[in-house]
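The values are calculated or read from the model by the stated rules, or taken from the named source; none is laboratory data. Predicted, not measured: the structure shown is a model, and the values here were computed from it. Backbone-built Cβ (ideal geometry, glycine too); neighbour counts: all protein chains shown. For the accessible areas, the whole protein counts, side chains as well, though only heavy atoms, and no ligand, DNA or RNA atoms are used. Shrake-Rupley method; radii C 1.70, N 1.55, O 1.52, S 1.80 Å.
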Amino acid sequence: MNTKITQAVSKIIQNVIKNGDKALSDYTKKFDGVALLPQNFKVPLKTIKESALKIDKSLKASIDFAYKNVKKFHDNEYKNIKKSWNVENGDIITGQKYNAIESIGIYVPGGRFSYPSSVIMSAVPAKCAGVKRIVMVTPPAKMTDAVLYAAKICGITEIYTVGGAQAIAALAYGTKTIKGVNMIVGPGNAYVNEAKRLVFGKVGIDSLAGPSEVAIIADSGADAEFIVADILAQAEHDPMALAYLFTDSKQKFDEVKKKLPKEIKSQVKIEYCSQNQAVEFVNDIAPEHLELLVKNPSVLAAKIHNAGAVFMGYNTPTALGDYTAGPSHVLPTEANAKFSSGLSVMTFLKRISYTQVKNSKNKIYAHTQTFANAEGLEHHARSAIIRGKK
């Protein structure tokens, strides 16, 4: 944890809590170089609608293609979730049901590029889950027509040109212009990430994203050119991005090492090992992305327990998952796949349990009284046992 970042972000959050929209205007001027009054934070509906007319036709077609695939995947995910159930144990009925989180905020990062894919990958699972209010925030410079069009097809109409830690604070605590939400999702830089960490508890968050990473298990049949291309694709995310290659082919090991550009070699780790050893390595590092560039990928996939997303076979690069395949590309990093999963419909559903006792003569009251007395909570004991005596 970077103490300087924590202190800076904490100061920003407290300023937004105290001064609301004024703080957002001040930070937008300071960090983005854009003078924005609160009444201009929100993107007009007309601007959102016109985005479809302004973007390149081929890009529009690709965004549409991605949206359909992502929606199909998460619609199917939702259909296969058992929304509610109950079980009877004598006179005791217990059950559970899922409800969608009512409102979420999506952070679409700025940085070096514009990210319409982040809109789709965050918004579609939420929509499929039944989230009623979806708010989108992004730095002014990155509010491109492509980002707006992606928001449009996802049905997002509440969009604000506010970015950075101040946007996270506004989503968590609300201002006069931006009403707060219940959960915040989406990747961002170190300041955005720290802001999400600090507001967690006030609101829910999806995860704390670290540098992107890919692990590749390749056999002798894998094309070295494919492997190098996939490593380079990972490296261009960020100078901190990591790529691992595990191969049981000495020829492939040598070929890839020879083809890799010198400038990214510090981001790449290559191991010559058996496939069983590769599986052990992968389960230990729990990578965000895992490519199985092997003849029988399903055999290895069955042994993988820790990975954010798995891409199977020679013809399936991670880039497909980043944009068009279907599952959300918001995935756990830094070994978090050992205990968490990627963004999905389940991210936006919360469970409520139910209990009902039909017969006041049930022995549950006596057992509850015994437990409560053992823990020194006499009123707990009484609230149960008085029902058993009626």
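Observations
- For region 88-128, the set of trypsin sites (Lys or Arg not before Pro) satisfying both a DSSP loop assignment and a count of at most 13 other C-beta atoms within 10 Å is given as R112.
- Efficiency of FRET between R351 and K132 - r from beta-carbon atoms, R0 25 angstrom, step 0.05: 0.85
- Neighbours of K97 by Cβ distance under 12 Å: Lys/Arg scored +1, Asp/Glu scored -1, total +4.
- Taking all protein chains into account, the per residue accessible area for the chain stands at 52 Å² (1.4 Å probe).
- Projected label distance in nm at K361 and A8, using a 7 Å step from Cα toward the beta-carbon: 7.1 nm
- Excluding the site residues themselves, the longest part of the chain lacking any chymotrypsin sites (Phe, Trp or Tyr not before Pro) in a DSSP loop with at most 15 other Cβ atoms within 10 Å is 114-338.
- Largest GNM mean-square fluctuation across T370, T138, T177, computed for the chain with C-alpha springs under 10 Å, falls on T370.
- Loop-located GluC sites (Glu not before Pro) across region 299-390 with a Cβ neighbour count of 12 or fewer within 10 Å are E375, with loop assigned by DSSP.
- Those lysines that a straight Cα-Cα span of less than 20 Å connects to K22, excepting residues fewer than 8 apart in one chain: K11, K30, K42, K176, K179
- Calculated FRET efficiency, K265 to A335, Cβ-Cβ distance, R0 = 25 Å: about 0.65 to the nearest 0.05.
- Evaluating 6.51 cos²θ - 1.76 cosθ + 1.60 at θ = phi - 60° for every residue in region 238-245, the Karplus couplings come out as 5, x, 8, 4, 10, 9, 10, 10 Hz, glycine and proline recorded as x.
- Counting only DSSP beta bridges with both residues in the chain, the antiparallel share comes to about 30 percent.
- Correct option for volume of the Cα convex hull per residue in Å³ [calculated from the coordinates] among (i) 198; (ii) 159; (iii) 144: (i)
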